Amino acid sequence: MAAHSPSYQNGGTDHILRPRPVKPGNPMILRAQSEEGSLKPNGNHDGQLSGMSSGRSTPLPPDAPPSAQSISSARKQVRAQQKHRMFPTVEYAARVSHFDPKSEYRDFRGFFVLFWIGLAIMVLTSMLRNIKDTGYPLRHQVWDLLTTKTWELGLSDGLMVASTALSVPLQMLSRRASGPFAWLRWENLGMPIHSIYQAAWLVLWVNWPFIFNWTWTAQVFFTLHTLVLLMKMHSYAFYNGHLSTTEHRLSALDNPENASTAAAVRYPSSSGELSDMDKAVTDRKNHENESLTQLREDLALELTSPLGQVTYPQNLSLLNYADYIICPTLCYELEYPRTPKIQWVELFWKTLAVFGCIFLLTITSEEFIVPVLNESAIRLQGVEGWSEQGLILAETISLLLFPFMVTLLLVFLVIFEYLLGAFAEISCFADRHFYSDWWNSCDWLEFSREWNIPVHHFLRRHVYGASRPYVSRNTATLITFLVSAFGHELVMGCITKKLRGYGFVAQMSQLPIVALQRIKIVRSRKLFNNVLFWISMILGLSLMCSLYVLV
């Protein structure tokens, strides 16, 4: 049976039964209960929603007239007779399909299972083909990519992580600086010192893989981890620098005659919308004359975590920093919500899934992407005309469309579902909201908010929010996109060892596209915009790869 979900039009209902998100019980039992009057409209049992009724039977009120009672009794007799029919009847009603937009059905886990079965078929087919050609299930290139210089990669990554811990003593030094060394405080030269260290750190570790000539798989991992650690280190330094300045101001108010009584700096919230952030900037300008007591309360509140368990500078320790490095977040906070304990079974499966996805990504690249690019590179060397080169490039892009669609889904799963989920289990990090329903995105701005929520929070807090007090909203948005575009171009440059600017141009071109999609007549066509999003996403990945490798 299906739950009755009426849609009101002109004061009436459409009388359509829509599928429920759960399977119904025994229909014969439900029919018998309905005939006995125990089920009420829309599956209500004694006023409670049960989701078991078709919603076709309406109980009579106690003061119903005799005519209505007679009709109800006749209907019950007809339904009772249907139970005893010699030939089984089929129940028909106005229903919608499970894929209908009006359907309430939401459980499509079977397609998720089908996705993994499809990948398993792809791997088995590739192994059988390799056994036929070489006698081994995997090509030696795949094995070399996964095993070459792994110890070198592990030691280098550990050293890179340890080098970020220098931020802790630098923060302690900035906080304790006084007297003749007051110039080391964050509000003086502390911020430039930290910024110079982070820039030098980035230059060193970006060039590190080129020194050792690692494989492309190791280079991808190391470059992405470098950018993650850079954002973590930046967030840690700038948030604690803000707290050290706040503590100095609060201490100075013990002698208010010689202290500044300007309003506390109100930064935009990292969890609010952009409009809320703009409002916070306006509030900062409108609260320049707060009372001394209120100012002390604001500064003291700023030094305390939202959960009320940690107060600055209790967090300035290597143990706290190590915990922050493990937590799956890019924005530093004094305290995070935690789960009671580690679920070891969940951690085991997520860890296994991480290595499984990496293996599948490598297989997909070596079997369906690299051979196409190598063949196209050889063909391009033998032609000179622009038309022939364009045809080869177009053919290459078309052959890479499906492999890159699979790669996109695997990258999403391995990072945002399994890798971050595994680190969340290790650190007992309770907030697992690493992504939203980005697959329903209608424009690139929506996708950037929902595809990668940790990076979105970082950019909103440390780029957009940090620049909003000084520039307009549009300029702050432009700066945010520029930073994101530089980051994407850096990743592509490190992987392909080429600086072409294709990724930067593609990233910045999203701004006029979003502006066009925000026009009322275009914005209202959500299905059309979602189709365009997916086409541009898959086509863009193939195009970027082909341009960086072949041009």
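The values are calculated or read from the model by the stated rules, or taken from the named source; none is laboratory data. This is a predicted model, so every value here is computed, not measured. No Cβ is skipped: glycine too gets one built from the backbone with ideal geometry, and neighbour counts run over all protein chains shown. Areas reflect the complete protein model, heavy atoms only, side chains present, ligands, DNA and RNA absent. Shrake-Rupley method; radii C 1.70, N 1.55, O 1.52, S 1.80 Å.
Among residues of segment 394-418 that are closer than 16 Å to ILE535 by Cα, those with a Cβ under 6 angstrom from a residue that is of a type in the set (Gly, Ala, Ser) and open to solvent by less than 20 Å² (accessible area, probe 1.4 Å), sequence gap 6+ or separate chain, pair up as ILE397/SER542; ILE397/SER546; LEU400/SER542; LEU401/SER542; PHE404/SER542. One residue stands out in segment 502-551 among those that are more than 22 Å from the chain's Cα centre (by Cα), buried (at least 17 other Cβ atoms within 10 Å of the Cβ) and among the aromatic types (Phe, Trp, Tyr): the one that is nearest to SER441 (Cα to Cα), namely TYR502.
For segment 511-528, the criterion of being modelled with pLDDT under 85, of a type in the set (Lys, Arg) and in contact with a helix residue (DSSP H, G or I) (Cβ under 7 Å, 6 or more places away or on another chain) is satisfied by at least one residue. Residue pairs whose Cβ atoms lie under 8 Å apart, separated by 6 or more positions or on different chains, with the first residue in segment 350-371 and assigned to a helix (DSSP H, G or I) and the second among the aromatic types (Phe, Trp, Tyr) and open to solvent by 50 Å² or more (accessible area, probe 1.4 Å), are PHE368/PHE402.
Does segment 434-448 contain any residue that is within 20 Å of the chain's Cα centre (by Cα), open to solvent by 30 Å² or more (accessible area, probe 1.4 Å), closer than 20 Å to HIS225 by Cα and of a type outside the set (Gly, Ala, Ser)? Looking through segment 434-448, at least one residue is within 20 Å of the chain's Cα centre (by Cα), open to solvent by 30 Å² or more (accessible area, probe 1.4 Å), closer than 20 Å to HIS225 by Cα and of a type outside the set (Gly, Ala, Ser). Determine if segment 295-306 includes at least one residue that is of a type outside the set (Ser, Thr, Tyr), in a loop (DSSP other than H, G, I, E, B), over 30 Å from THR134 (Cβ atoms) and in contact with a Phe, Trp or Tyr (Cβ under 8 Å, 6 or more places away or on another chain). Yes; the residues of segment 295-306 include at least one that is of a type outside the set (Ser, Thr, Tyr), in a loop (DSSP other than H, G, I, E, B), over 30 Å from THR134 (Cβ atoms) and in contact with a Phe, Trp or Tyr (Cβ under 8 Å, 6 or more places away or on another chain). On the stretch given as segment 376-411, residues that are within 25 Å of ILE358 (Cβ to Cβ) and open to solvent by 40 Å² or more (accessible area, probe 1.4 Å) total 6.
Per-residue answers, yes or no, for (1) over 24 Å from VAL206 (Cα atoms); (2) modelled with pLDDT of 90 or more; (3) out of contact with any strand residue (DSSP E or B) (no Cβ under 8 Å at 6 or more places or on another chain):
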{"position": "TRP438", "(1), (2), (3)": "yes, yes, yes"}
{"position": "PHE447", "(1), (2), (3)": "yes, no, yes"}
{"position": "ARG460", "(1), (2), (3)": "yes, yes, yes"}
{"position": "GLY465", "(1), (2), (3)": "yes, no, yes"}
{"position": "SER484", "(1), (2), (3)": "no, no, yes"}
{"position": "HIS488", "(1), (2), (3)": "no, no, yes"}
{"position": "GLY493", "(1), (2), (3)": "no, no, yes"}
{"position": "LYS497", "(1), (2), (3)": "no, no, yes"}
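Would you mind stating whether ASP283 is of a type in the set (D, E, K, R), at pLDDT 85 or above, farther than 30 Å from THR215 by Cα and surrounded by fewer than 17 Cβ atoms within 10 Å (Cβ to Cβ)? Before you say what the answer is, go through the steps one by one.
Values: of a type in the set (D, E, K, R): yes; at pLDDT 85 or above: no; farther than 30 Å from THR215 by Cα: yes; surrounded by fewer than 17 Cβ atoms within 10 Å (Cβ to Cβ): yes.
It is false that ASP283 is of a type in the set (D, E, K, R), at pLDDT 85 or above, farther than 30 Å from THR215 by Cα and surrounded by fewer than 17 Cβ atoms within 10 Å (Cβ to Cβ).
Total residues in segment 326-360 satisfying the condition of being under 14 Å from ALA430 (Cβ atoms) and basic (Lys, Arg): the figure is 2.
Residues that are in contact (Cβ under 8 Å) with a residue 40 or more places away in the chain and either in a loop (DSSP other than H, G, I, E, B) or open to solvent by 80 Å² or more (accessible area, probe 1.4 Å) (or both) within segment 211-228 comprise TRP214, THR215, TRP216, PHE221, listed in sequence order. Taken as a whole, the condition of being touching a Leu at 6+ places or on another chain (Cβ under 8 Å) and farther than 17 Å from LYS232 by Cα applies to ARG500. Summed over segment 307-332, residues that are at pLDDT 90 or above and not in a loop (DSSP other than H, G, I, E, B) total 9. GLN314 satisfies every condition listed in (1) open to solvent by 40 Å² or more (accessible area, probe 1.4 Å); (2) in contact (Cβ under 8 Å) with a residue 24 or more places away in the chain except (2).
Filter segment 57-87 down to residues that are part of a loop (DSSP other than H, G, I, E, B), among the hydrophobic types (A, V, I, L, M, F, W, C) and at pLDDT below 75, then give me how many there are. Quick ask: steps written out before the conclusion?
Going residue by residue through segment 57-87, those that are part of a loop (DSSP other than H, G, I, E, B) are 57-65, 84-87.
Now narrow it down to the ones that are among the hydrophobic types (A, V, I, L, M, F, W, C): 60, 64, 86-87.
Adding the requirement that they be at pLDDT below 75 leaves 60, 86-87.
Summing the residues that are part of a loop (DSSP other than H, G, I, E, B), among the hydrophobic types (A, V, I, L, M, F, W, C) and at pLDDT below 75 in segment 57-87 gives 3.
Screening the candidates PHE423, PHE481 for the property of being under 28 Å from CYS327 (Cβ atoms) and open to solvent by 40 Å² or more (accessible area, probe 1.4 Å) yields one hit, PHE423. The criterion of being over 18 Å from GLY356 (Cα atoms), open to solvent by 30 Å² or more (accessible area, probe 1.4 Å), touching a His at 6+ places or on another chain (Cβ under 9 Å) and without any contact (Cβ under 8 Å) to a residue 40 or more places away in the chain does not hold for PHE181. If a residue has to be more than 24 Å from HIS456 (Cβ to Cβ) and assigned to a loop (DSSP other than H, G, I, E, B) to count, how many in segment 333-349 make the cut? Going through segment 333-349 one residue at a time, the tally reaches 4.
Looking at segment 330-350 only, could you name the residues that are open to solvent by 80 Å² or more (accessible area, probe 1.4 Å) and more than 30 Å from HIS234 (Cβ to Cβ)?
Just the residues of segment 330-350 that are open to solvent by 80 Å² or more (accessible area, probe 1.4 Å), to begin with: 338, 340-341, 343-345, 348-349.
Scanning segment 330-350 gives PRO340, LYS341, GLN343, TRP344, VAL345, PHE348, TRP349.
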